[in-house]
Amino acid sequence: MISGMLRQWLSLLVCVLAVILLKSEGASVGITYLQDAVAKGAVCLDGSPPAYHFDKGSGAGVDNWIVHMEGGGWCEDVPTCLSRKNTDLGSSKQMVKQFGFSGLLSGQQKSNPDFYNWNRIKVRYCDGSSFTGDAVDRANNLFFKGNSIWEFIIADLLAKGMRNAKNAILSGCSAGGLASILHCDRFRALLPASTKVKCISDAGFFLHAQDVSGGKHIEEFYGKVARLHGSVKNLPASCTSRMGARPELCFFPQYVVQTMQTPIFFVNSAYDSWQIKNILAPSAADKSKEWKSCKLDLKKCTETQLKIIQDFRTQFLSALNRAGVINSPSKGMFIDSCYAHCQVGKQIQWSSDSSPVVSNMKIAKAVGDWYYERSPIKKLDCPYPCNPTCPKVDSDS
């Protein structure tokens, strides 16, 4: 009897704590399904309609818009796309109906002072191509229509008032962060010339690099994604026109950003946990699993492994520099040394007492100062493990 009552009390406590957390993070926002998109072929992998969560702006922010694209990796062949098809990364039927907005999307003035009252949209990700695909596999009943989804959603938001925007941001995390780079100039072109338009890529600057075995795992992977989804024709022409017989390499931001016209801000770790696990030391290149413990916790890396990781950071910073990020006045960056992946959507990393700090500044302040041009922002952290403000566990785990 006592144990039963204890369980009830514990369940109630968990519910109360969940409500408190939700309130601290931001209000729960309902889902919007775009049923009309189905007739246009703008559908998820399983043929279901695309979706987003929309928290309307208020007061001085009523004419300002943030369109934030969800991340979630990619599918590079039929088996991996079929495995996504019946999850929330391949079907809107599987998506949660309510989503708590936090970080860049928070509606709380204290935690998000520069953007809390904007129109804030989280675009759900269900195509597996960073919103670039344009193909159909009838034999397997798979729809690779990421680009059509992106175009339909943007058109829908324009009709709902974004065409009158004074300020607009296209942002995203991980695969969505890559999408914010690939679609940035197109987003700018769809809005009035009078609109101030900028983009934000969170953990989206994926590096074209060799893995620890000397192989080209990530190059081959992105090539498969581009071919399966029919993505090449939807990659920025300013990049593909320069890549000769290898236009699929324009999946890598270091080649796209060089010719971008729209201002963009990069929030990234120089030790991005997803990239170290999947670009530098993917399982396919680590058959003996020598990197298994290191990838889970950098403190468990050997001296040799740490040197390889530091070299990866050097390559990452060099790619940023060659892309013009470090010296361009229209581009900004917050590059920390935390073992993390995706940081703007989580309050604890965006602007809390526990947020990472680089040069006495947190991510929220850096992004706000850059967008409103209060000061140029080029924040570059010292090498790992110098920053004591980094979370103790990587944000990708």
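The values are calculated or read from the model by the stated rules, or taken from the named source; none is laboratory data. Since we're looking at a predicted model, the values are computed, not measured. Note that each Cβ is placed from the backbone with ideal geometry, even for glycine, and that neighbours are counted across all protein chains shown. With ligands, DNA and RNA removed, areas are computed over all heavy atoms of the protein, side chains included. Shrake-Rupley method; radii C 1.70, N 1.55, O 1.52, S 1.80 Å.
Summary table below
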| read-out | value |
| --- | --- |
| Tally of residues being open to solvent by 10 Å² or more (accessible area, probe 1.4 Å), not in a strand (DSSP E or B) and not hydrophobic (A, V, I, L, M, F, W, C) across region 51-101 | 22 |
| Residue pairs meeting the criteria (Cβ under 6 Å; at least 6 apart or on separate chains; first farther than 18 Å from G176 by Cα and acidic (D, E), in region 334-350; second open to solvent by 10 Å² or more (accessible area, probe 1.4 Å) and outside any strand (DSSP E or B)) | D336/D381 |
| Matching residues, region 208-255, being surrounded by 21 or more Cβ atoms within 10 Å (Cβ to Cβ), of a type in the set (A, V, I, L, M, F, W, C) and in a loop (DSSP other than H, G, I, E, B) | L235, F252 |
| Qualifying residue in region 108-122 (condition: hydroxyl-bearing (S, T, Y) and open to solvent by less than 10 Å² (accessible area, probe 1.4 Å)) | no |
| Pairs with Cβ under 8 Å, 6+ apart, first in region 356-372 and farther than 15 Å from F265 by Cα and acidic (D, E), second buried (at least 16 other Cβ atoms within 10 Å of the Cβ) and at pLDDT 95 or above | none |
| Residue satisfying condition, being open to solvent by 20 Å² or more (accessible area, probe 1.4 Å), at pLDDT 95 or above, in a loop (DSSP other than H, G, I, E, B) and farther than 28 Å from C239 by Cα, within set P391, P385 | P385 |
| Tally of residues being among the hydroxyl-bearing types (S, T, Y) and without any contact (Cβ under 8 Å) to a residue 24 or more places away in the chain across region 81-100 | 2 |
| Test result for G368, assigned to a helix (DSSP H, G or I), open to solvent by less than 30 Å² (accessible area, probe 1.4 Å) and among the small types (G, A, S) | yes |
| Neighbours by Cβ (under 7 Å, 6+ apart or cross-chain): first from region 125-145, under 11 Å from C44 (Cα atoms) and among the aliphatic types (A, V, I, L, M); second at pLDDT 95 or above and assigned to a loop (DSSP other than H, G, I, E, B) | L142/L45 |
| Any hit, region 276-285, residues being over 20 Å from the mean Cα position of the chain (by Cα) and without any contact (Cβ under 8 Å) to a residue 60 or more places away in the chain | yes |
| Of residues in region 304-341 being buried (at least 16 other Cβ atoms within 10 Å of the Cβ) and β-branched (V, I, T), the one nearest to S273 (Cα to Cα) | I309 |
| Residue check for D127: in contact with a Cys (Cβ under 9 Å, 6 or more places away or on another chain) and closer than 21 Å to S180 by Cβ | yes |
| Candidates S201, S171, S213, S180 - the one that is touching a Ser or Thr at 6+ places or on another chain (Cβ under 8 Å), closer than 30 Å to L306 by Cβ and hydroxyl-bearing (S, T, Y) | S201 |
| Checklist (1) closer than 19 Å to G176 by Cα; (2) aliphatic (A, V, I, L, M); (3) part of a helix (DSSP H, G or I) applied to I309, failing item | (1) |
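Matching residues to (1) farther than 15 Å from S201 by Cβ; (2) touching a Cys at 6+ places or on another chain (Cβ under 9 Å):
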position: A135; (1), (2): yes, no
position: R138; (1), (2): yes, no
position: F144; (1), (2): yes, yes
position: N147; (1), (2): yes, no
position: F152; (1), (2): yes, no
position: N164; (1), (2): yes, no
position: A168; (1), (2): yes, no
position: A175; (1), (2): no, no
position: H183; (1), (2): no, yes
